[in-house]
């Protein structure tokens, strides 16, 4: 087996999974921001409120990534 | 009956008054809320949190720090499928839906919930 190629594939797969997760969390914040704007907030207040309500994005991403290794990798 | 999940997640109980209660609920209960919400149709994470808040009469607010790990865990267990799509506001979002295995898990979680309700009711019964 070509371990080097296997390692590269795993590395890029992991990068893709992390990028997707970041995009998913950013999408959540964008949707919450939109909701607040439609409710009457200014765009700045809406984004600030959305970020506040979301919490520490880096921590959420980290906890989401730290799933038990016995759970199989994403499709 | 013992509840097998020992992990805990926080869900904030929101009220219109400034005072807030923080209620610790078992991880299995959050799974139940998510699976039940998706039984009504596919939805993205933001939509799921909004739906839980609305259907609970604004009493339950699931923290994103609990919701996204739960969604990813349920997906990895094969109970949810996910697909990137354009949302109602033309934003790219990851939509989740129940798989067949997810529907079976939902039924199992509903059963456990009923048992928990009965158990707590039994303790609270003044008789």
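All of the numbers you see were taken from the coordinates with simple rules; none came from a lab. Predicted model, so just to flag it, every value in this text is computed and none were measured. For neighbour counting, all protein chains shown are included, and Cβ atoms are generated from backbone atoms with ideal geometry for every residue, glycine included.
A few remarks follow.
- Subset of the range B:54-80 [more than 10 Å from chain A (Cβ to nearest Cβ) and either in a helix (DSSP H, G or I) or crowded, with 22+ Cβ neighbours inside 10 Å (or both)]: B:54, B:55, B:62, B:74, B:79, B:80
- Which listed residue is within 27 Å of residue A:18 (Cα to Cα) and either in contact with a strand residue (DSSP E or B) (Cβ under 6 Å, 6 or more places away or on another chain) or in contact (Cβ under 8 Å) with a residue 12 or more places away in the chain (or both), from B:115, B:98: B:98
- Screening the range B:85-101 for residues that are in a strand (DSSP E or B) and facing chain A (nearest Cβ under 8 Å) and picking the one that is surrounded by the most Cβ atoms within 10 Å (Cβ to Cβ) gives B:93.
- From the list A:34, A:22, A:41, the lone residue that is touching a helix residue (DSSP H, G or I) at 6+ places or on another chain (Cβ under 8 Å), surrounded by 16 or more Cβ atoms within 10 Å (Cβ to Cβ) and within 23 Å of residue B:68 (Cβ to Cβ) is A:34.
- Residue in the range A:11-29 that is over 22 Å from residue B:95 (Cα atoms), over 16 Å from the mean Cα position of the chain (by Cα) and without any contact (Cβ under 8 Å) to a residue 40 or more places away in the chain present: yes
- Scanning the range B:51-67 for residues that are over 11 Å from the mean Cα position of the chain (by Cα) and closer than 17 Å to residue A:26 by Cβ yields a count of 2.
- Selection within the range A:46-57 - assigned to a helix (DSSP H, G or I) and touching a helix residue (DSSP H, G or I) at 6+ places or on another chain (Cβ under 7 Å): A:46, A:47, A:49, A:50, A:51, A:53, A:54, A:57
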